[in-house]
Amino acid sequence: MCLAVPSKVVSVDGLNAEIEVSGARTGISLMLMPEPVEVGEYVIVHAGFAIQKIDEEAALESHRLIAEMVAQLEAEGALGDEDDYMRPPTGRA
């Protein structure tokens, strides 16, 4: 299963950008974006590619809902150590 994650753009260099999600940063491609992307904007990222812009309010709400879902799964004991990929990043890059 793949999940497209709203991510904040922290730098842009041509068709590449660096994004940040919960303190974790990574590089992505902007090749699939139909419009220019600027630092500070939020984009939906899927499989290493930005695929569309999203407004900040919607991005932050998505992050809140994902964190709520993970907390509920943890409370139910539905996540084991092998499910670490489901937990929000801790700030490590």
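Observations
- Only residues that are of a type in the set (S, T, N, Q) and within 21 Å of residue 61 (Cα to Cα) were counted across segment 1-25, and they come to 2.
So that you can scan it fast, the table gives a plain yes or no per residue for (1) of a type outside the set (Lys, Arg); (2) in contact with a strand residue (DSSP E or B) (Cβ under 6 Å, 6 or more places away or on another chain):
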position: 14; (1), (2): yes, no
position: 22; (1), (2): yes, no
position: 33; (1), (2): yes, yes
position: 41; (1), (2): yes, yes
position: 46; (1), (2): yes, no
position: 53; (1), (2): no, yes
position: 57; (1), (2): yes, no
position: 65; (1), (2): yes, no
position: 68; (1), (2): yes, no
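- Residue match in segment 24-41 (condition: in contact with a helix residue (DSSP H, G or I) (Cβ under 9 Å, 6 or more places away or on another chain), under 13 Å from residue 5 (Cα atoms) and in contact (Cβ under 8 Å) with a residue 24 or more places away in the chain): no
- Residues satisfying the stated conditions in segment 1-23, i.e. at positive phi and in contact (Cβ under 8 Å) with a residue 60 or more places away in the chain: 22, 23
- Going through (1) modelled with pLDDT of 85 or more; (2) surrounded by 10 or more Cβ atoms within 10 Å (Cβ to Cβ); (3) farther than 17 Å from residue 3 by Cα; (4) among the hydrophobic types (A, V, I, L, M, F, W, C) one by one, residue 78 falls short only on (1).
- Each residue in segment 33-68 was checked for being surrounded by 15 or more Cβ atoms within 10 Å (Cβ to Cβ) and of a type in the set (Gly, Ala, Ser), and 3 of them qualify.
- Complete set of residues in segment 2-32 that are under 16 Å from residue 55 (Cα atoms) and exposed (fewer than 13 other Cβ atoms within 10 Å of the Cβ): 10
The values are calculated or read from the model by the stated rules, or taken from the named source; none is laboratory data. The structure displayed is predicted, hence computed values, not measured ones. Don't worry about glycine lacking a Cβ; one is built from the backbone with ideal geometry, like all the others, and counts go over all protein chains shown.
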